[in-house]
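Colleague: Can you keep this structure in mind? I'll have questions shortly.
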Amino acid sequence: MPAVVILGAQWGDEGKGKATDQLGSSLDYCVRTSGGNNAGHTIVVNGEKFATHLLPSGILTPGCVSVIANGVVVDPGALFREVDGMNERGVDTSRLVVSSNAHLITSYHTTMDKVTERFLGKNQIGTTGRGIGPAYADKINRTGIRVADLLDEKILRDKVEASLDLKNHILAKVYNRRAITVEEVVEDLLSYVDRLRPMIADTSLLLNRALDDGRTVLFEGAQATMLDVDHGTYPFVTSSNPVAGGACTGSGVGPTRIDRVIGVVKAYTTRVGAGPFPTELFDADGEKLWEVGGEVGVSTGRNRRCGWYDAVVARYAARINGLTEFCLTKLDVLGSWERIPVCVGYQIDGVRHDEMPMTQSEFHHAEPIYEFFDGWQTDISGARTFDELPKNARAYVQALEEMSGAPFWAVGVGPGREQTVVLR
Ligand code: GDP
Ligand code: IMO
Ligand code: MG
């Protein structure tokens with residue numbers, strides 16, 4: 001299985017980190033291709049909990065080369081805080097490689113992220129405040145600073161100056177904030193150069209050569225399909241393409257080289273931040289999903305909104321990403337319900353929709369149509385084979401598989417590395 005993409009099929013936090021770690025022992029390269037330190041991926045190894053943000057989860061796999069590819073936005077301060085944190089816990093980060101073409105998040109991007117959110121008031125997106133949107137905006141506006149720019153101080157200074165000029169007008173005149181000096185930005189960025197230099201590489205060349213040599217390369221998604229800037233619930237999205245196609249543009253590896261595309265999907269649904277969410281619950285069931293599922297954000301500590309499984313979203317993710325399979329996670333969380341609703345379609349302004357509606361305003365009005373499944377009301381966290389799951393849990397998994405548009409590869413029954421039932 002040389003090239004595998006793992007991505008989020010809902011609104012994030014599906015358990016992509018654990019699914020990545022699952023393939024651990026067979027991994028030669030683990031690659032992040034989009035987003036930045038807005039991600040928070042949890043991996044539990046022998047009961048010990050690790051969180052990755054900007055680092056690929058493969059950092060925890062001994063011998064695996066971790067790659068931050070061109071499509072990622074890199075906050076160098078956040079990067080080295082994470083590297084240092086890993087090193088303190090005995091994790092070897094010496095195989096980390098960063099693309100020369102990746103864009104940098106600077107202090108003015110995080111500042112702009114926070115002030116714009118505040119300015120939006122009740123219309124805010126609920127971003128992570130990590131400067132992601134402003135950094136991608138500069139990339140598209142062709143005023144971004146790339147990792148390679150750090151290697152030439154003169155170019156770096158010129159580019160920071162050009163990029164900062166307009167922002168300072170906006171900061172001072174619109175937001176009534178202190179202007180940021182070119183000097184403070186350049187000085188901060190240059191303080192990372194010595195540590196970063198040995199990691200910088202042409203990662204497209206590296207990865208394509210690795211594939212030529214038959215190595216296994218895993219593209220670890222961050223964020224998710226419904227947060228994609230093109231295919232998600234715009235404008236309540238992140239500013240990158242977390243879908244399968246983003247793994248190609250974000251790495252310089254062509255689509256013909258990808259062998260498997262695995263969509264990670266929770267046995268229910270969660271979302272952090274603002275935006276439409278048809279199956280969201282505001283009752284005791286929602287509270288219980290939140291509590292049993294431990295649904296608190298890894299990056300920002302915000303509570304996640306919770307709701308039932310949405311098969312329309314799953315089918316949409318299967319289509320947009322060309323999924324070859326799904327990895328279903330957190331089935332164990334549903335172990336105490338007598339009856340489990342699953343959204344099979346939407347009622348929108350009196351019309352039934354079995355697929356994602358064409359417009360966002362329709363999606364905002366979507367009322368879920370539920371089918372109900374009998375619960376299994378028992379702890380399944382010790383199951384390791386499909387046959388060890390109770391009959392009703394098997395029936396739930398099979399029903400979800402039939403309505404979701406791609407075969408299920410594995411089912412998660414707990415956060416631990418070993419707590420997975422592999423179906424195929
Ligand atoms: P990611 O951002 O997609 O990597 O997901 P997060 O790490 O943000 O959130 C997923 C949470 O669910 C983490 O706390 C994981 O440890 C946990 N998790 C993953 N798979 C399972 C599972 O099958 N069962 C349970 N109970 N927890 C899981
Ligand atoms: P992982 O990889 C869940 C959400 C934010 C906000 C929107 C835009 O752990 O699944 P941004 O800071 O990216 O501009 O915020 O996207 N968001 C996530 N939600 N999981 C994530 O990452 C997320 N990354 C961003 O909450 O609604
Ligand atoms: Mg997460």
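Colleague: It is to be established whether one or more residues within the stretch 400-408 are surrounded by 19 or more Cβ atoms within 10 Å (Cβ to Cβ), within 27 Å of the chain's Cα centre (by Cα), within 21 Å of GLN22 (Cβ to Cβ) and within 16 Å of ligand 1 (Cβ to nearest atom).
Modeller: yes
Colleague: Here's a follow-up. Taking the criterion of being within 29 Å of SER361 (Cβ to Cβ) and within 16 Å of ligand 2 (Cβ to nearest atom), would at least one residue in the stretch 247-262 satisfy it?
Modeller: no
Colleague: Sticking with this structure for a sec: Can we say ASN37 is closer than 21 Å to VAL237 by Cα, within 13 Å of ligand 1 (Cβ to nearest atom) and of a type in the set (S, T, N, Q)?
Modeller: Against the criterion (closer than 21 Å to VAL237 by Cα, within 13 Å of ligand 1 (Cβ to nearest atom) and of a type in the set (S, T, N, Q)), ASN37 qualifies.
Colleague: What are the residues in the stretch 39-55 that are more than 11 Å from the chain's Cα centre (by Cα), over 17 Å from GLU88 (Cβ atoms) and either within 12 Å of ligand 2 (Cβ to nearest atom) or surrounded by 24 or more Cβ atoms within 10 Å (Cβ to Cβ) (or both), if any?
Modeller: Answer for the stretch 39-55, where residues must be more than 11 Å from the chain's Cα centre (by Cα), over 17 Å from GLU88 (Cβ atoms) and either within 12 Å of ligand 2 (Cβ to nearest atom) or surrounded by 24 or more Cβ atoms within 10 Å (Cβ to Cβ) (or both): just THR42.
Colleague: Does ASP138 satisfy the criteria of being at negative phi, open to solvent by less than 30 Å² (accessible area, probe 1.4 Å), acidic (Asp, Glu) and under 20 Å from the mean Cα position of the chain (by Cα)?
Modeller: Taking the combined requirement at face value, the residue does not satisfy it.
Colleague: Something else about it: Look through the stretch 40-55, keep the residues that are within 12 Å of ligand 1 (Cβ to nearest atom) and out of contact with any helix residue (DSSP H, G or I) (no Cβ under 9 Å at 6 or more places or on another chain), and return whichever of them is nearest to GLY77 (Cα to Cα).
Modeller: Ranking the qualifying residues of the stretch 40-55, first place goes to LYS49.
Colleague: Shifting gears a bit: Would you mind stating whether GLY24 is within 16 Å of ligand 1 (Cβ to nearest atom), open to solvent by less than 10 Å² (accessible area, probe 1.4 Å) and at pLDDT below 95?
Modeller: yes
Colleague: Filter the stretch 253-297 down to residues that are β-branched (Val, Ile, Thr), touching a helix residue (DSSP H, G or I) at 6+ places or on another chain (Cβ under 9 Å) and surrounded by 18 or more Cβ atoms within 10 Å (Cβ to Cβ), then give me how many there are.
Modeller: The qualifying residues number 9.
Colleague: Sticking with this one: Quick one: which residue in THR238, THR249, THR216 is buried (at least 22 other Cβ atoms within 10 Å of the Cβ) and either within 20 Å of PRO368 (Cα to Cα) or not acidic (Asp, Glu) (or both)?
Modeller: Among THR238, THR249, THR216, only THR238 is buried (at least 22 other Cβ atoms within 10 Å of the Cβ) and either within 20 Å of PRO368 (Cα to Cα) or not acidic (Asp, Glu) (or both).
Colleague: While we're looking at this one, here's another question. Of all residues in the stretch 244-261, how many are in contact with a Leu (Cβ under 7 Å, 6 or more places away or on another chain) and not small (Gly, Ala, Ser)?
Modeller: Result for the stretch 244-261: 3.
Colleague: Follow-up. Output the number of the condition that ASP354 fails; it satisfies all remaining conditions of (1) closer than 26 Å to GLY24 by Cα; (2) surrounded by fewer than 20 Cβ atoms within 10 Å (Cβ to Cβ); (3) in contact with a strand residue (DSSP E or B) (Cβ under 8 Å, 6 or more places away or on another chain).
Modeller: The number of the failed condition is (1).
Colleague: What about ARG32, is it under 15 Å from the mean Cα position of the chain (by Cα), within 17 Å of ILE6 (Cα to Cα) and within 16 Å of ligand 1 (Cβ to nearest atom)?
Modeller: Yes: the conditions hold for ARG32.
Colleague: Something else about it: Just one of (1) under 16 Å from the mean Cα position of the chain (by Cα); (2) open to solvent by less than 10 Å² (accessible area, probe 1.4 Å); (3) not β-branched (Val, Ile, Thr) trips up PRO76, so point out which.
Modeller: (1)
Colleague: Taking the conditions exactly as written (open to solvent by 10 Å² or more (accessible area, probe 1.4 Å), modelled with pLDDT under 95, farther than 20 Å from GLU325 by Cβ and of a type outside the set (A, V, I, L, M, F, W, C)), does PRO2 satisfy them or not?
Modeller: no
The values are calculated or read from the model by the stated rules, or taken from the named source; none is laboratory data. This structure is a prediction, so every number in the text was calculated from the model and none was measured. When we count neighbours, we look across all protein chains shown, and the Cβ atoms used for this are built from the backbone with ideal geometry, even at glycine. These area figures cover heavy atoms from the full protein model, side chains too; ligands, DNA and RNA do not enter into them. Shrake-Rupley method; radii C 1.70, N 1.55, O 1.52, S 1.80 Å.
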